[in-house]
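**Q** After the structure tokens below, expect a handful of questions from me.
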Amino acid sequence: MPKACNQPIDTGRCMAYFPRWGFDRSMGRCIPFIYGGCKGNQNNFHSMEECETLCLPGAAE
């Protein structure tokens, strides 16, 4: 599993409002969250499909 998928979901420190998707390891699936626009980490995807393609190979087919 890529490093991004093993990182915790991080909303960032800024106050913007960007709907994003991240992989939740405890749930074993991609979930939506709001990204604040700065900081954060690589577990930050623009769509559910992008998240699933990287973190759940075979799920987005």
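The values are calculated or read from the model by the stated rules, or taken from the named source; none is laboratory data. Because the structure is a prediction, the values reported are computed rather than measured. So basically every Cβ, Gly included, is an ideal-geometry build from the backbone, and we count neighbours across all protein chains shown.
**Q** Which number in (1) touching a residue at least 12 places away in the same chain (Cβ under 8 Å); (2) in a helix (DSSP H, G or I); (3) acidic (Asp, Glu) marks the one condition that GLU49 misses?
**A** Among (1) touching a residue at least 12 places away in the same chain (Cβ under 8 Å); (2) in a helix (DSSP H, G or I); (3) acidic (Asp, Glu), the lone unmet condition for GLU49 is (1).
**Q** Next question, about the same structure. Do we have GLY58 as assigned to a loop (DSSP other than H, G, I, E, B), at pLDDT 95 or above and of a type in the set (Gly, Ala, Ser) here?
**A** Values: assigned to a loop (DSSP other than H, G, I, E, B): yes; at pLDDT 95 or above: no; of a type in the set (Gly, Ala, Ser): yes.
Judged against the criteria, GLY58 is not a match.
**Q** Which residue is nearest to SER47 (Cα to Cα), if the candidates are limited to segment 1-37 and must be of a type in the set (A, V, I, L, M) and out of contact with any Lys or Arg (no Cβ under 8 Å at 6 or more places or on another chain)? Let's see the steps before the verdict.
**A** Kept after step one, since they are of a type in the set (A, V, I, L, M), are these residues of segment 1-37: 1, 4, 9, 15-16, 27, 31, 34.
Now narrow it down to the ones that are out of contact with any Lys or Arg (no Cβ under 8 Å at 6 or more places or on another chain): 1, 4, 9, 15-16, 27, 31.
Numbers: MET1: 18, ALA4: 15, ILE9: 14, MET15: 20, ALA16: 18, MET27: 18, ILE31: 10 Å.
Among them, the one singled out is ILE31.
**Q** Answer yes if at least one residue in segment 12-26 is of a type in the set (D, E, K, R) and either in a strand (DSSP E or B) or in contact with a Leu (Cβ under 9 Å, 6 or more places away or on another chain) (or both), and no otherwise.
**A** Taking segment 12-26 as the starting set, the residues that turn out to be of a type in the set (D, E, K, R) are 13, 20, 24-25.
Cutting the leftovers down to either in a strand (DSSP E or B) or in contact with a Leu (Cβ under 9 Å, 6 or more places away or on another chain) (or both) gives us 20, 24.
Yes - at least one qualifying residue is present in segment 12-26.
**Q** Identify all residues within segment 3-44 that are in contact with a Cys (Cβ under 7 Å, 6 or more places away or on another chain) and touching a residue at least 40 places away in the same chain (Cβ under 8 Å); write none if there are none.
**A** Within segment 3-44, CYS5 is the sole residue that qualifies.
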